[in-house]
Amino acid sequence: MLAAGHPRAFGRAMHSARTLLQRRCLHQTRARLAITNLEMPAMSPTMTEGGIASWKKNEGDPFSAGDVLLEIETDKATIDVEAQDDGVLAKILTPNGAKNVPVGKIIALLAEEGDDISNLEAPKEETKPSSDTDAPTTSAPEPPRAASQQSGSVQEKKQVHHPTHSKPLLPSVLRLLVENNITNAEVIKGTGVRGQLTKGDVLAHLGKASSPTGTYKEPKQEPVVSQKVEPPKPLDGAAIRQLIVSGLSTRMKPKAPVPSIPPTFDSVIADYLPPTTETAKSSSQSLQSQTASPRSSTAAYFDGLL
Amino acid sequence: MASLARIRPCLARRIPTLVRGIQMSADTTQLQDAITDPSQPFTVKLHEDSFRTYKIDPPSLEVQVQKDELLKIYKDMQCMRRMEMAADALYKAKLIRGFCHLAIGQEAVSVGLEYGITPEDRVITAYRCHPFAVMRGGTIKGVIAELLGRQDGMSKGKGGSMHIFTPSFFGGNGIVGAQVPVGAGIAFAQKYLGNKTATFALYGDGASNQGQVFEAFNMAKLWDLPCVFVCENNKYGMGTSAERSSSNTEYFTRGDKIPGIQVNGMDIIASRHAVQFARNWVVEGNGPLLMEFVTYRYGGHSMSDPGTTYRTREEVQRMRSTQDPIRGLQRYIEDWGLATEQELKQLDKEAKGEVDQAVEEAKTSPIPRSEDLWTDIYYKGTEPSFMRGREREEVHYY
C-alpha cells in the first residue's frame, strides 16, 4: 500500500530534481546540429510493420534520454519507444492511431533544444523509398510473365477454368477435372458421400475405369433367417415356481463322493517312473491286489538299482 | 511476481542506511588542493564509501589524476556510449540481427579497466563486450561491421557479438560463466611463461552462481594465479534482480579465501584507481583477487528485452539522471576547471562524428563471400585435406 503511493510521489520529486539538475548541468548529449529523423523502429526482429498507439509527447515538448516518446502497437504487444538522446519533438508525421506503418518509415522529426522549429516541412519522399517501390514493380511483372509462360506450355488456353459442382469438390477430383478440361462437372453423376463426386466417377466418365468403384465388389450378405427361431414364451407364475424349485433341488443334492483309491507307494511312484509295460502291468496288478503283495513290488522296484 | 519486483526497490530505498553501503554516485570525488599547473597531475580524494573490502586493506582514497588523461577518458566514454546507441539504432532498423547485448550505462567499467591496466594484460569477458573489444585494441568500425556481419568486421563478419577477439582480449563468450575458468587458464599461462601481467576475467551477477566460477576460484587460489575475477554487478541478471537470484549479494565476498573489493562502478576515477590497485596486487604474486563493480545498465538485457518488465521506468530514469558516469566525469572536469562546457561539447561532437563515420563505413562493407565459408576454421597451414559443407555434395578441398 505504502509502496503504491510512494513511487508516484518519488517520481514527482525526482522529476523536479531532474529539471533542477538539467538547468544546472549540461545535457548528456548536445552534439546534434541538424534535424534528425525518427524512424519506425522494429521492436522485435520479426516485426515488419506496426501501428502508432499513442504519442506520449506533443509537438514542441522537450525530452531527455530515456523518456518515452510514443507507444507502438505490434501484432504481439504495445511497446514503449524511448528516446536515445535529449531533444525536442519538432514534428509528428504519423499521428495517433496510424496503422500499418512499415519499419523504417519516418514518423517524426527531432530537433535540439533551442532550434527553430516553426517552419518545418515533412521531408520529401527520399530516393530510398522510391527505389524500393521500383524494385517491387519490376519484380511484379516477372512472376505473372513466368506464370503465363508455364500455363501456356501446359495447355493452349490462357485462363484457368474452375469447374464447379453443387457439392464440394475433392482435390483429387478437381485435379482430374482440370487436367482433362472438364468444365461442367454436373454432367458426371456423383456416387460419393451425400452425392459428392469421387475420383472413380470422373475416371468412369472418362472411360478410364469400368465403374466408379472399379474392381471392388461388395461382399454378399446372407439373408437373415430369423423366422425359424421362436421367440421364448414369457413364463407365468407356476412355471417360475417350477424353475426355482428345480434349481434348488439340484443345488441341494449332495455331491456324489469321488471313489478314492487309498494311495500305495507304487501308485504314487508310478506317476514318476517311465511308462514301461512291466510297470504298467505291475501297477494294474497292484491296483487289483493292493494289499496282497506290497513288499514284492517294492523289492522289484529296487531290482535295477541294487 | 513482476509486481513484487517493482515493489522491492521502493522498500529497499525506504530502509535507513544503518549499514555502511557502497557509494553509487558518479560525482562525489573532491578536489584536494587547488590546481596550480594544469599540465601536472593533481590529487583528488574519493568518497569514503567508494570501496568496501573483504580480507584486504582498501586502497588509499587519494588519487593522482591529470587533465589530458581525464579528457581522453571522457572522449572514450562518450565514444563507447555513442557506439552502443548506434548499435541500438541499427538493430531497430533491422540491420543487426540476432543477439545484441548493449552496455549503455556501464562505460565506467570498461574504460576504467582499460586505463588501469597495460596493453599486455589480458582481458576476457562475456557477451556485453563491445566497449571492451574497442578499448583493447579494436576499432569502432570493426565492432559495428562485425555486428552487421560484414567483411570489415573484427572476425570478418562470421562471428558476431560473441566472437570478437584481439591479441589481448579473449572475447566475446556466449555461454554464461564459461569465460571465468578460461580466464583462470589464461592467468595460468601468464604465470607459466613468467610474464608479469595480470588477467582480468569478467562475469556478471547472473553468472556469479555458476559452479565453474567457484572451481576457477579454487584453482586460482591454490596455485596463486595472477587473475583478477571481476563481477560486473548491474543488479539484474537478464530479468532477475540480484536479491532474487543470490543468497549472498555481496559478490566480492564469494571468493571464500580470495580477498575481495567492491567498487563504485559509476565513478570512473574510483574504478580506474581500484583496477590499478588490483593489478598491482596480483602482479606482485599475492594470488588472485575478486573485484565487484556496482554499476547499472539503462537498457534491457539484450535488444529483445524492453528492460521495464522487472524494474520501473522511474528507477532507470533516476539512475540515468543522477548517477550517469559520463555526466559525473563532466561535472568533475567542469568543477575542477579543466575544460569548459564548449570544449566538452566539442568532444561530444567529435565522438559522435567518429562513430557516425565508422557506422557509414561499416555499412558500405560487403557481406562475406561464399568462399569465406571455408577459411578461418583451422589455423592457417593446419587445414585438413578436405572439409564437408552443408550438404553431402558440398565438399571443399584445401
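The values are calculated or read from the model by the stated rules, or taken from the named source; none is laboratory data. Because the structure is a prediction, the values reported are computed rather than measured. Positions of Cβ are backbone-derived with ideal geometry, glycine not excepted, and every protein chain shown enters the neighbour counts. We work out accessible area using only protein heavy atoms, side chains counted, and drop any ligands, DNA or RNA first. Shrake-Rupley method; radii C 1.70, N 1.55, O 1.52, S 1.80 Å.
Got at least one residue in region B:301-315 being surrounded by fewer than 16 Cβ atoms within 10 Å (Cβ to Cβ), within 22 Å of residue B:26 (Cβ to Cβ), touching a strand residue (DSSP E or B) at 6+ places or on another chain (Cβ under 8 Å) and among the charged types (D, E, K, R)? Looking through region B:301-315, none of the residues is surrounded by fewer than 16 Cβ atoms within 10 Å (Cβ to Cβ), within 22 Å of residue B:26 (Cβ to Cβ), touching a strand residue (DSSP E or B) at 6+ places or on another chain (Cβ under 8 Å) and among the charged types (D, E, K, R).
Taking only region B:270-295 into account, find how many residues are surrounded by fewer than 24 Cβ atoms within 10 Å (Cβ to Cβ) and either modelled with pLDDT under 95 or assigned to a loop (DSSP other than H, G, I, E, B) (or both). Qualifying residue count, region B:270-295: 4. Considering only residues in region A:160-211 that are basic (Lys, Arg) and touching a residue at least 12 places away in the same chain (Cβ under 8 Å), the one that is least open to solvent (accessible area, probe 1.4 Å) turns out to be A:167. The helices (runs of 4 or more DSSP H) found wholly in region B:109-203 and carrying at least 2 residues that are open to solvent by 10 Å² or more (accessible area, probe 1.4 Å) and of a type in the set (Gly, Ala, Ser) occupy B:179-193. Of all residues in region B:370-388, exactly one satisfies the criterion of being among the basic types (Lys, Arg) and either in contact with a His (Cβ under 7 Å, 6 or more places away or on another chain) or exposed (fewer than 10 other Cβ atoms within 10 Å of the Cβ) (or both), namely B:380. The residue that is nearest to the other protein chains (Cβ to nearest Cβ), counting only those in region B:320-337 that are of a type in the set (A, V, I, L, M, F, W, C) and open to solvent by less than 10 Å² (accessible area, probe 1.4 Å), is B:326. Scanning region B:28-57 for residues that are modelled with pLDDT of 85 or more and charged (D, E, K, R) gives B:45, B:48, B:49, B:52, B:55, B:57.
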